[in-house]
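Below you'll find the structure, written out as C-alpha cells, and then a few comments.
The values are calculated or read from the model by the stated rules, or taken from the named source; none is laboratory data. These numbers come from a predicted model, not from an experiment. Note that we place each Cβ from the backbone using ideal geometry, even for glycine, and neighbour counts take in every protein chain shown. When the accessible area is computed, the model is the full protein with side chains, heavy atoms only, and any ligands, DNA or RNA have been set aside. Shrake-Rupley method; radii C 1.70, N 1.55, O 1.52, S 1.80 Å.
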Amino acid sequence: MDETQSRPQERLEELGAGLTQTKRGNIYTLTIIGQIEGHQAQPETIKTTKYEHVLPLLATIEESEDIDGLLLLLNTVGGDIEAGLAIAELIAGKPSVSLVLGGGHSIGIPLAVSAKKSMIVPTASMMIHPVRMSGVVVGAPATYHYFQRIQEQITDFVTSNSRITREQFSDYMMATGQIATDVGTIVYGREAVESGLIDRLGGLHDALECLHRMISRKQGNKG
C-alpha cells in the first residue's frame, strides 16, 4: 500500500473519520464516541473524542471544495461542556446529518441537534440532566450562578436547533425519579422524536439518503 492509499486508512483508525466519494457527492463521516475530552486529558483506558482533533477537522471540512456534506455518527456519554459546545458551534454551512447510535447523552445532545437534520435509531438513548461538575467545587453563590448560566446556554442552543420547547426540555432536565441518584431524564428514539428533540427516526441508510438529497438541492441552487 503506497503513502496516498494509507492516509485515509490512518485517519479512519485514529479519528474514526473518512471521506467517501460517490457520483452523488463526497461525504465526510465523523464519529463522536466515548467521552468528549476537553482541557483535561482522560486516562488511556477511556475512549475519548479529543476536541483539539475535531475543531481543525471541522474547519477544514467547511472550507474544502472536495467535501459536499458531513455525516456525524454519535455514540457518546457526554463530557467536557465547553469542548462539546465548541464542536457543535463549528458544524456550520455544509449539508449535515447527525445519527445517534447507542447513546447521545449530556453534552452529546447539542452535538446531535447541531446538524441540519438529526436522526436517531429506535434503540438509542439520550440522557438530559442539569450541569454537573466533578472534583473540588467552590461553594459560593458565584459558582452556582456560573452553573446556571452554562445550563441556560445549553438550553438556548438545543431549543434553537430543534423543535423541542424550552419548557419541555427544562422538565426533562429537572425530572426526579427517572435516573438513580440524580435528576434528569433518559429518552429513547421514538420519544426523542415525538418531543421534537430529534427530527426523525432512521438508520444509516436513511441518514445517507437525506444527506444526498440535501447535497443535490444545494448543488441545484448553485446551478
Could you look through region 32-43, keep only residues that are touching a helix residue (DSSP H, G or I) at 6+ places or on another chain (Cβ under 8 Å) and either surrounded by 17 or more Cβ atoms within 10 Å (Cβ to Cβ) or basic (Lys, Arg) (or both), and pick out the one that is nearest to GLY104 (Cα to Cα)? ILE32
Given (1) within 24 Å of MET126 (Cα to Cα); (2) surrounded by 13 or more Cβ atoms within 10 Å (Cβ to Cβ), ILE46 misses just (2)
Inspect all residues belonging to region 196-206 and state whether any of them is open to solvent by 80 Å² or more (accessible area, probe 1.4 Å) and closer than 18 Å to HIS105 by Cβ. no
Considering every residue within region 76-88, establish whether at least one is free of Cβ contacts under 8 Å to residues at least 60 places away in the same chain and more than 18 Å from PHE157 (Cα to Cα). yes
Which residue out of SER170, SER162 is touching a helix residue (DSSP H, G or I) at 6+ places or on another chain (Cβ under 8 Å) and modelled with pLDDT under 95? SER170
Is one or more of the residues making up region 189-212 under 20 Å from LEU70 (Cα atoms), assigned to a helix (DSSP H, G or I), small (Gly, Ala, Ser) and touching a strand residue (DSSP E or B) at 6+ places or on another chain (Cβ under 8 Å)? yes
Considering region 94-110 alone, what residues qualify as being of a type in the set (S, T, N, Q) and more than 24 Å from GLN151 (Cα to Cα)? SER96
From THR60, THR29, residue being open to solvent by less than 50 Å² (accessible area, probe 1.4 Å) and among the polar types (S, T, N, Q): THR29
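Determine which member of the set ALA112, ALA142 is at pLDDT below 90, among the aliphatic types (A, V, I, L, M) and not in a loop (DSSP other than H, G, I, E, B).
Only one candidate qualifies: ALA142.
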Mind telling me which of the residues THR49, THR123, THR60, THR76 ends up being at pLDDT 90 or above and assigned to a strand (DSSP E or B)? THR76
Set ALA92, ALA86: member being modelled with pLDDT under 95 and outside any loop (DSSP other than H, G, I, E, B): ALA86
Those residues of region 169-188 which are part of a loop (DSSP other than H, G, I, E, B), open to solvent by 40 Å² or more (accessible area, probe 1.4 Å) and not aliphatic (A, V, I, L, M), in sequence order: THR176, GLY177, GLN178, THR181
